[in-house]
Each structure stands twice: as C-alpha cells, then as structure tokens.
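All remarks here apply to the structure that follows.
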C-alpha cells in the first residue's frame, strides 16, 4: 500500500486529484478489505455522477483494477484514476467513515482537508469521527469552521459531548440550537441516562413538544437500566393509554423490565401479546424472553422459548447460557456452550464470560483452560471481559501465576481487571503482590473504588501486615472519592484481631459511624478464638445473637472455643441449643476435579468407589509422617473422646482423603489442587506441608499453596539449629522476613520490563523492611563464608544477583 502511494506521488504526469482518487481506492480495497463487487459498484456510481452515464468500456476494466490493487500491481492499477477529473463527495465521505471505524482519524482529516468541495454530510461525518476517536478539540474546531450547520450538525455535537460525559457543555449547545427536531430531543434524553441524570431525562421528556414511539422506548429503556423498572412499566402503560403503538424494541425493553422486577404475570401477558403480533421469532424478543423466565426461575419455559425455532444468533444462545447460570445449573450451562460450537454459532465475549463464570462456580480449572484455549483461537485473548473472568477463575483455583499471565496480556485493563488481581492475591496470602499491583494501578491513573480497598485490607489481614493495614485504612477514611463501608471495617477488625489487638478492635467497633453487622462481630469472634480470649468471646457472641439468633457460625466458633478451653459442659450446652433451634452446622467438604469430574469427600467418607485404595494410601502417608516426627495436635479434635480416637478423627479429615485420591489418580509430578468449603484446621495445614515434602509434589489447598520449596527452607533451619543452638529461633524469624522481601522482589517485574516501584507505595512496600534485611543479608553472607557454610541468600528460592535491581533474578 505504501509503495502505491509513493509511486503515484512521484509521477509528474498525474494531477493531485488522480493521486487522491487512487489513495481512496487503495484504502477501500486493502485497508478495509471490501469485496470486488463493492468496489465495482462504488466505481460505477462515481463514474455515473461524473459523466452522467455509464460507459460499458469503463465498467469492463474496473474489476481488473480491483485485482491489481489487491495484488499490489501499481503500474497496471494507475490506468484507472485518469478517467475521472475530480473525486466524488459521496465516495470520499464513505472513505472517511471507514477511516474512522478503523481508528485512523489522521488519515480521515487529511482526506477531508484535500477535498475541494464538502457538503453537510461530510462535515457531520468528520465531526462524529472526531468524537468516536476521542478528539473533542478537533470536533469543536470543525464545528466552528462549518459554513452551514443543520440540525444534524448540532445533534452530532450534543450526542458526542454527552457520550464523553460533558453534560454541561451539551446542555449549553442544546439550548442554543436554532431548531430542535425529535432526534435532538431523544439524543439529549439518552445522554442524560448514560450519565446517570435520570431526573433531568424525565423532566426533558415531559417538556418535549411531540413524542414518537422512539421517545417512549428510549425513556422505558433508560429507566429500566437506571434501576427504576417499576417506573418503566408504569410509563409503558401510559404509552398505551396515549395510543402509541409499541414496536419490537419497545416490547424488548418492557420484557427486560419485567425480568428485573420478577413480574411473572405481566411478563406472561406481554409474551402472549407479542406472539399474536408475530414478534416472537425476532431476536430482540426471544433473548429478553429467555432472560425473563430465567429471572423468574422458570428454566423449562426458557428452553421452550429457545427451541421454538432453530436460532443462529449468538445473543439468543448466550441468553439461554446465562439463564442456566442464574438458576445455578452450571453443568448444563457448559453443555450449552459446547453445543454452540457444534451448531456453528461462534460465542462472543458475553458467552465466554458466562461459561467461565460457570467454571469458576464449579471450580473446574481443566474445563476453564479448555475455554481459555477456545478464546485464544477466536482472537479474544486480549479482550478485557474474557480476561477478567479468566483472572477470577485462575486466582480462585489457586493459580496466581496463570492469573498474572492473563492480566498482562489484557489490552485495555479496567477497574475490574485490577480489582480481580488484587483480590485474588489477597485471598491466597500474597499481600505484598497485592500492594505492588495497587501501585501499578495508581501509576496507570486508574482510580480505586471500594472493592479495591476491600482487597487491599484483606491482603494485609491475611498476610499479617498490621502497620500497612492501618496506613491503608487511615488513608481510606480521608479519601473522599470512596465511601467507607461495613466491609472495610470488618477487614480492619480482622487485621487487628489477627495481630492480637483485641481491645483496639473492640474500640473500633464501638466508635463506628454506622451500626455493626454480624460480619464485623464474627471477625472479632474469630480473633478471640485465635487468641483464646474466652471472656471477650462470650460478650461478642451475645452481640451476634442479638442481631441474628440463628447464626450457625457464631455457635460453632463459640463451641470450638469451649473445646480448646476444655469446658465440655459448655460445649454440650451450645450444641444442645443448636439442636433445639434446629441450627445445622455446615458440613466440611473437600473435592478434587479430575478429567472433568468432581470427586467429593467428607470426613471419614467411605462412599467413593476407590475407598480401599484411598485408605491404603492414607495409611502409608501416616507411617511416613511418623518417620518425620509428626505428632497430631489433638486440640483440633473437637470431641470429648480418648486420645486414640482423637487421632483417628484427625486422620480421616476430608482434605486428607482428597489428597490421597489425587495422589493415586493424577500424573506423577503434577500439581495437586484440592478445594474445601471451610477453613482448614491447623493440624491438617501442618500435615499437608509435610505431605508435600514426602511426595515431592506441589499442593494447592483451597487456593493456599503448600509449596515444595519449604523443603530447602526447613533444611537451612535445621542447619542453623545444629550450629547455633538456641539462636535458631531468631535466625528462623529473620529468614521468614527475608522470604517476604524475596516475594516483593520477585513480584517487582511481573507486568512489564519497567520498574514496579512507584513513589506512591515505595515506603509502603519496601523501606520499612527491605533496607534492614539487605544489611542483615550482607552480614549473614559474610558470617557464612567465614564459617565455611553454604547458606542460600533466599531459602528455597533462587539467588538474587543485584540488590539494586528488583528484577535481576538468575
């Protein structure tokens, strides 16, 4: 293409308009990939407008010229431009529109400036193109230079400004309009709705001199999307009373409003009416009807509507897919997703997002990876909506590295992308990674919202970062753009509770500006259990029962606290209260997904077909654990029985059975992923670390990695204990801090080759620990060298080459 342009510009025999004409043709054929027939028709129209008639000899070589341009045969293609004395306005306007659609505003402006004559359509197209490409200043300049403005010109300016959120300027222009047609009024109403100004839209609607069905439909749809579905349905009744005949788009909006308010009776009436009118086979009607019945929990009617006709629209298929998800039928949703490919219906971003959400609910990582591969084949690997769903899936299933890989390739990250990654890191204890991602978010000038701060506070809570959590919470209290919610207070209470600051947590709850809920009190009760503060726990439990007398979590935590204190009479009393009130404790459940099947296990479960093999493997692991010096922590056996029975109860916990099954059925050396619906007990957590060391496998349990690298960590720890005796405890703590610093350093360049340390969070992530650790590391290396010991810098991790380079790992 470039060679064609350069060649024609160097030809002195051709005039400027010949060069311009050839560039238009090249853009039409090469850049926009129009068909030979489209090019043939366009040239025919152009030749007819210039000469007043169609010359058959000219038409004969137009397809040949199209082929020459496609094959970049410049010499043969240059014959065509000589036949026209000047370019056609209509033809150039279409080319400008195609330039804009391909995000080439500079090329469009260049072509626009070279035109000797411009009509109003070309001016309006150029102004709209500037708004579409985000060039607001250029749009204003063109509007001021426009010789004659019509109502379309004014409407284009008003619509463009409203789309970009410039409502005040749009209102000013709307007021100055010399003539307002119905389209101008409708554009202003639509703009108010997309900017959240519902009252202004309603006011303007009532001020309209005349309203068509488009105006009524815009209002109904806008009210519904603004969360005012009841008002939308009332307006629909007013529309019928005024004698306005609804269109299929009107019925589509009304059915959607019925779905949002779950008005089954009205929806059934609308369904019967559209059947009489013959709209039921329309895609704009079928998709909302499926969504309506799905919201009303009538999945059979969804299927009936879907199977009335063989649909080829991806919108209808996606509606059925989403309907199954709304009714928690995730397996069926994934079947529908597979049938889409078999029916030659290619899924879109919404289809992939819905299917990945089902995988996330099922925690079916293998099937999610298959869908990820299909998205890559269809070119959606950089799509932000598909990417966000993949991040949630991978992080929920414990694959943080895969989540980061998806995060890196998303072309245009939105606030959901950043929040998904921050929350994912927080859930699995990667607190410093969450802070680093937040720092990158600030660098890219993305404003945080309430979910962002919830994720950050949760990260500090799970990673034991008290001072950082306080810093973030205090900043949030003064950050006016985000309103502090109960979730933020619950996270802060959890941070204080995990770090033993129970009295401070109680004061925070008492001084809250809003009334506390059960989540905040449960966080405090869990902290009381962690630090065995029974007196405070009883007061907190009483506060919970005043809010929710049937809170099973509070009864369970209080009962467990009595178990740890050895107060078995109080345990019996609490369990008796639960029995009398028919409060059921959620049973512990662990599961493994293998080859698309979910294998569930409960404590002491013997219902699995491979029970014999599983228990044999468990006995073998138990022998190995004793060889490593494992002693069961009987405190976590929550029953008043003999010690041998307590050991047996701990041995057959559901997560241990699931791990044994995975060891039998999975490929040697692969990662074992076990999910659990409840928190893992302390004894099982210690045991699984040892199992990972015994079988030399990486284990992910409820998303919390039990890494094999702990092997080398314990080796160094034992060596220090042997050499230094009682000083081993101090050195172990220093090693743990050093591993934390290593996590920060390794996360430094996880996004790009650029530095990952912005000024906003420099002190938050590094200065408080890293400088002291570096000094200690240097002293430790010197002491090890003098003693002849080979102690790694980062236990269980790769050596860091340059302390000044966060990304300089070997």
Residues of segment 547-565 classified as assigned to a helix (DSSP H, G or I) and within 19 Å of residue 584 (Cα to Cα), total: 13
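Are there any helices (runs of 4 or more DSSP H) wholly within segment 254-327 with 1 or more residues that are within 23 Å of residue 356 (Cβ to Cβ) and out of contact with any strand residue (DSSP E or B) (no Cβ under 9 Å at 6 or more places or on another chain), and if so which?
Values: elements: 264-277, 283-295, 299-306, 314-326.
Fully inside segment 254-327 and qualifying: 283-295, 299-306, 314-326.
Does residue 689 satisfy being under 20 Å from residue 620 (Cα atoms), in contact with a strand residue (DSSP E or B) (Cβ under 7 Å, 6 or more places away or on another chain) and in a helix (DSSP H, G or I)? Steps first, answer last, please.
Numbers: under 20 Å from residue 620 (Cα atoms): yes; in contact with a strand residue (DSSP E or B) (Cβ under 7 Å, 6 or more places away or on another chain): yes; in a helix (DSSP H, G or I): yes.
Yes.
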Yes/no for residue 306 being under 29 Å from the mean Cα position of the chain (by Cα), modelled with pLDDT of 90 or more and over 22 Å from residue 233 (Cα atoms): yes
Complete set of residues in segment 324-340 that are within 13 Å of residue 311 (Cα to Cα) and surrounded by fewer than 18 Cβ atoms within 10 Å (Cβ to Cβ): 339
Scan of segment 197-213 for residues that are surrounded by fewer than 18 Cβ atoms within 10 Å (Cβ to Cβ) and more than 18 Å from residue 163 (Cβ to Cβ), ordered by number: 199, 203, 206, 207, 208, 209, 210, 212, 213
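Let's see how each residue does on (1) surrounded by fewer than 20 Cβ atoms within 10 Å (Cβ to Cβ); (2) under 31 Å from the mean Cα position of the chain (by Cα); (3) at pLDDT below 80; (4) outside the structural domain of residue 560 (by TED's automatic domain parsing):
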site: 627; (1), (2), (3), (4): yes, no, no, yes
site: 660; (1), (2), (3), (4): no, no, no, yes
site: 673; (1), (2), (3), (4): no, yes, no, yes
site: 679; (1), (2), (3), (4): yes, yes, yes, yes
site: 692; (1), (2), (3), (4): no, no, no, yes
site: 695; (1), (2), (3), (4): yes, no, no, yes
Helices (runs of 4 or more DSSP H) wholly inside segment 431-524 that include at least 1 residues being over 27 Å from the mean Cα position of the chain (by Cα) and crowded, with 20+ Cβ neighbours inside 10 Å: 486-498, 502-510
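Please tell me if residue 535 is within 30 Å of residue 499 (Cα to Cα), assigned by TED's automatic domain parsing to the domain that holds residue 501 and assigned to a helix (DSSP H, G or I).
Working: within 30 Å of residue 499 (Cα to Cα): yes; assigned by TED's automatic domain parsing to the domain that holds residue 501: yes; assigned to a helix (DSSP H, G or I): yes.
The answer is yes for residue 535.
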Total residues in segment 373-390, condition under 17 Å from residue 405 (Cβ atoms), under 14 Å from the mean Cα position of the chain (by Cα) and assigned to a helix (DSSP H, G or I): 6
Inter-residue pairs, beta-carbon under 8 Å, first under 15 Å from residue 242 (Cα atoms) and in segment 200-213, second in a loop (DSSP other than H, G, I, E, B), 6+ apart: 205/211; 211/244; 212/244; 213/244; 213/245; 213/246; 213/247
Verdict on residue 102 being under 30 Å from residue 162 (Cβ atoms), in contact with a helix residue (DSSP H, G or I) (Cβ under 7 Å, 6 or more places away or on another chain), at pLDDT 50 or above and surrounded by fewer than 17 Cβ atoms within 10 Å (Cβ to Cβ): yes
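If a residue has to be outside any loop (DSSP other than H, G, I, E, B) and surrounded by 12 or more Cβ atoms within 10 Å (Cβ to Cβ) to count, how many in segment 566-610 make the cut? Spell out how you get there, then give the answer.
Of segment 566-610, the ones outside any loop (DSSP other than H, G, I, E, B) are 568-580, 590-594, 597-601.
Right, trim to surrounded by 12 or more Cβ atoms within 10 Å (Cβ to Cβ) and you get 568, 570-575, 577-578, 590-594, 598-601.
Counting residues in segment 566-610 that are outside any loop (DSSP other than H, G, I, E, B) and surrounded by 12 or more Cβ atoms within 10 Å (Cβ to Cβ) gives 18.
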Members of segment 540-565 found to be closer than 18 Å to residue 502 by Cβ, surrounded by fewer than 14 Cβ atoms within 10 Å (Cβ to Cβ) and free of Cβ contacts under 8 Å to residues at least 24 places away in the same chain, listed by number: 542
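The values are calculated or read from the model by the stated rules, or taken from the named source; none is laboratory data. As the structure is a prediction and not an experimental result, all values here were calculated from the model. Please note: Cβ atoms are built from the backbone with ideal geometry, for glycine as well, and neighbour counts cover all protein chains shown.
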